[in-house]
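Peer 1: First the structure, then my questions, so here it is.
The values are calculated or read from the model by the stated rules, or taken from the named source; none is laboratory data. Quick caveat, the model's predicted, so the values are computed rather than measured. Neighbour counts are summed over all protein chains in view; Cβ atoms, including those assigned to glycine, are modelled from backbone coordinates with ideal geometry.
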C-alpha cells in the first residue's frame, strides 16, 4: 500500500524522503507542490529529480477523500460531503465574506459529546479522522476554489475547527493538521486566523496552549452548571468553574488576548435576561475584557425539539452583555438552504451510540430553564 502524502506534516515528509534515500530539502519542495500548488500528480512537480518522481509513483499518492455531494447556497456558501469509508461521511463548509474566506472543517465522523442543539450530536460517534483526512478538507477546498474562482491567490484566509466532532478529543491528529495549516511552506495561515472550537475538554485545552496555541472558541451555551449539564453533557465532567480556569490559563499562550464564548440561543431555554445577567456575573469574576460572546441563532432540525430564539430576544440578550462592557456579536446565519449553518452538519453517518433514545428521555428536562437569578440582583449584575 502506498502512503498518502496528505498524512504527513513537513517533518514527517522529511523522514519519508530520507527512507527513499533523498535529502531532507526534497521534502520541502514536495510539501510546497502538494499544499501551495495543489499538485496530486508527481509528473507535475517539475523541479523534483526524475528519479525521485519515479520512486514516488510506486511508494506514494496524494488524494483527498471522495466527494459524495457538493451544494452551493444562494449566499455563496459551499458544503462538501466527504466519503471517509466504512459508511462514514464528514462535512466541510466554505463561507465567503467580503474581507475573508472561512473554511469550517470536521475532526471526527460523528461526535461523542452529544450537545442537545447540534444535529451532529444526534447521530452519535463513529471514529476520529486522521490528520490527513482533516488537512485534506482544506487541501481540496482551497484548490477547488482557486479553479472555481479562476485565481492563483489564496482563497481561504481563515480555518475554524467547528465542523463535525470535538477537535480536542482527537488531539494528536488535530495538532498535526494545525501545524500543516500554519507552516509557511504549506498554507501559511496566521495563528490568529485558525480557531479550534471545543465544548470544554479541559486537560486538552492546557495541552493545546503548550503545543500549538491558536485562537480558541469555547461552546458555553449556559450560565450555570445545572442548565449546561443538560445542554452540553461534557459539563458533568468539566464544570463551568474548571472550564473558565482553563480559559484563563490558555490566555497566557493564545495569539489573541481574548477567548470567544459561543452561545446558541434556544427559545425559552437559555435566552432570558436573567440568563444574560448570570453570564455577566460569571465572566466578571475576573477583571478586564478577557472574553467575547458570539450569540448563535439556533438552526432547527426535527429531532431536537428546540426552536430558535426570536430576533428581539437575541437583541435584548446581547444588550445586557454589551451594556456590561462585554464585546458581543450575533452570528449571521449562512447556508441555511443547504443545511450548512452552525449545528446542522450531520452528513450521512449512522447513530451508533443510541443517542436518539437518550435525547428523547432528556428532552422534557432540557426544555425548562433550570436556574434563574432573582430579579432583585439583576440590575446590580448588569451595571457592574
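Peer 1: Restricting region 277-292 to residues that are under 24 Å from residue 310 (Cβ atoms) and in contact (Cβ under 8 Å) with a residue 60 or more places away in the chain, which is surrounded by the most Cβ atoms within 10 Å (Cβ to Cβ)?
Peer 2: Here the answer is 277.
Peer 1: Right, next: Being more than 30 Å from residue 201 (Cα to Cα), in contact with a helix residue (DSSP H, G or I) (Cβ under 9 Å, 6 or more places away or on another chain) and either in contact (Cβ under 8 Å) with a residue 24 or more places away in the chain or in a loop (DSSP other than H, G, I, E, B) (or both) is the requirement here; does residue 138 meet it?
Peer 2: no
Peer 1: Kindly indicate whether any position in region 16-25 is under 26 Å from the mean Cα position of the chain (by Cα) and surrounded by 17 or more Cβ atoms within 10 Å (Cβ to Cβ).
Peer 2: No, there is no match, as no residue in region 16-25 is under 26 Å from the mean Cα position of the chain (by Cα) and surrounded by 17 or more Cβ atoms within 10 Å (Cβ to Cβ).
Peer 1: Quick one: which of 346, 341 is part of a loop (DSSP other than H, G, I, E, B), at pLDDT below 95, touching a helix residue (DSSP H, G or I) at 6+ places or on another chain (Cβ under 7 Å) and buried (at least 17 other Cβ atoms within 10 Å of the Cβ)?
Peer 2: The unique qualifying residue is 346.
Peer 1: Given the residues 72, 67, 78, which is the only one that is closer than 29 Å to residue 307 by Cβ and at pLDDT 95 or above?
Peer 2: Checking each option against the conditions leaves just 78.
Peer 1: Look through 227, 208, 178, 220 and report the one residue that is within 23 Å of residue 109 (Cβ to Cβ) and either assigned by TED's automatic domain parsing to the domain that holds residue 10 or touching a residue at least 40 places away in the same chain (Cβ under 8 Å) (or both).
Peer 2: Going through 227, 208, 178, 220 in turn, just one is within 23 Å of residue 109 (Cβ to Cβ) and either assigned by TED's automatic domain parsing to the domain that holds residue 10 or touching a residue at least 40 places away in the same chain (Cβ under 8 Å) (or both): 208.
Peer 1: I've got another one for you. Of the conditions (1) in contact (Cβ under 8 Å) with a residue 60 or more places away in the chain; (2) part of a helix (DSSP H, G or I); (3) over 14 Å from residue 38 (Cα atoms), residue 118 fails just one. Which one is it?
Peer 2: If we test residue 118 against (1) in contact (Cβ under 8 Å) with a residue 60 or more places away in the chain; (2) part of a helix (DSSP H, G or I); (3) over 14 Å from residue 38 (Cα atoms), just (2) comes out false.
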